[in-house]
1. Quick test for you: out of 89, 32, 20, pick the one residue that is assigned to a loop (DSSP other than H, G, I, E, B) and either surrounded by 15 or more Cβ atoms within 10 Å (Cβ to Cβ) or in contact with a strand residue (DSSP E or B) (Cβ under 7 Å, 6 or more places away or on another chain) (or both).
2. Filter the range 33-56 down to the residues that are touching a helix residue (DSSP H, G or I) at 6+ places or on another chain (Cβ under 8 Å), within 30 Å of residue 11 (Cβ to Cβ) and among the hydroxyl-bearing types (Ser, Thr, Tyr) and list them by number.
3. Quick one: count up the residues across the range 35-64 that are of a type outside the set (D, E, K, R), part of a helix (DSSP H, G or I) and free of Cβ contacts under 8 Å to residues at least 24 places away in the same chain.
4. Only one of 79, 95 is assigned to a helix (DSSP H, G or I), surrounded by fewer than 17 Cβ atoms within 10 Å (Cβ to Cβ) and either small (Gly, Ala, Ser) or in contact with a Lys or Arg (Cβ under 8 Å, 6 or more places away or on another chain) (or both). Can you tell me which?
5. When the range 65-76 is examined, which residues are found to be surrounded by 17 or more Cβ atoms within 10 Å (Cβ to Cβ) and closer than 20 Å to residue 15 by Cβ?
6. State all residues of the range 82-100 that are within 14 Å of residue 71 (Cα to Cα) and not β-branched (Val, Ile, Thr); if no residue qualifies, say none.
7. So in the range 82-100, with the set limited to residues that are in contact with a Leu (Cβ under 8 Å, 6 or more places away or on another chain) and either aliphatic (A, V, I, L, M) or over 23 Å from residue 47 (Cβ atoms) (or both), which one is modelled with the lowest pLDDT?
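The values are calculated or read from the model by the stated rules, or taken from the named source; none is laboratory data. Nothing here was measured: the structure is a model prediction, and the numbers come from that model. No Cβ is skipped: glycine too gets one built from the backbone with ideal geometry, and neighbour counts run over all protein chains shown.
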Amino acid sequence: MVPPINRQNNPNSMSVKRYFKFEKMVCVDLVFDKSTDTIQSVKITGDFFLHPEETIDLIESEIVGTKLEKDLIKKKLESLLSCCELYGFSIDSLSDAIIKCKEADSH
């Protein structure tokens, strides 16, 4: 598991939580560094299905440190989900959701 980010130690940290309705509901809780545009932590929950189930923990830990650019996130997700069955979202929609969390900060 990824340790929680202490925002007091990093004033550039931004936390955004958004809900998305794809085939199923997906919630992305993202903490990122605004100065470097890198993911510090992410929690993905919802009523989607992913098999094997522990893959979600792997995604949440392996995506930390990734720059918030759709192509980079999509490639990482493709690699992590290559041998998985998923229902309720696609790799493309999850990539979009993560990027939209960053964009919510600019509104």
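1. The unique qualifying residue is 89.
2. Result: 41, single match.
3. Filtering the range 35-64 for residues of a type outside the set (D, E, K, R) gives 35-36, 38-42, 44-46, 48-52, 55-56, 58-59, 61, 63-64.
In the following step, the residues that additionally are part of a helix (DSSP H, G or I) were identified as 55-56, 58-59, 61.
With the extra rule that they be free of Cβ contacts under 8 Å to residues at least 24 places away in the same chain, the set shrinks to 56, 58-59.
Here the count works out to 3.
4. One residue alone meets the criteria, 79.
5. Of everything in the range 65-76, those that are surrounded by 17 or more Cβ atoms within 10 Å (Cβ to Cβ) and closer than 20 Å to residue 15 by Cβ turn out to be 66, 68, 73.
6. Initial filter on the range 82-100 (within 14 Å of residue 71 (Cα to Cα)): 91-100.
Listed by number, the residues that qualify are 92, 93, 94, 95, 96, 97, 100.
7. Ranking the qualifying residues of the range 82-100, first place goes to 86.
Results for (1) within 20 Å of residue 90 (Cβ to Cβ); (2) modelled with pLDDT of 95 or more, shown as yes or no for each residue.
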residue	(1), (2)
11	no, no
20	yes, yes
26	yes, yes
52	yes, no
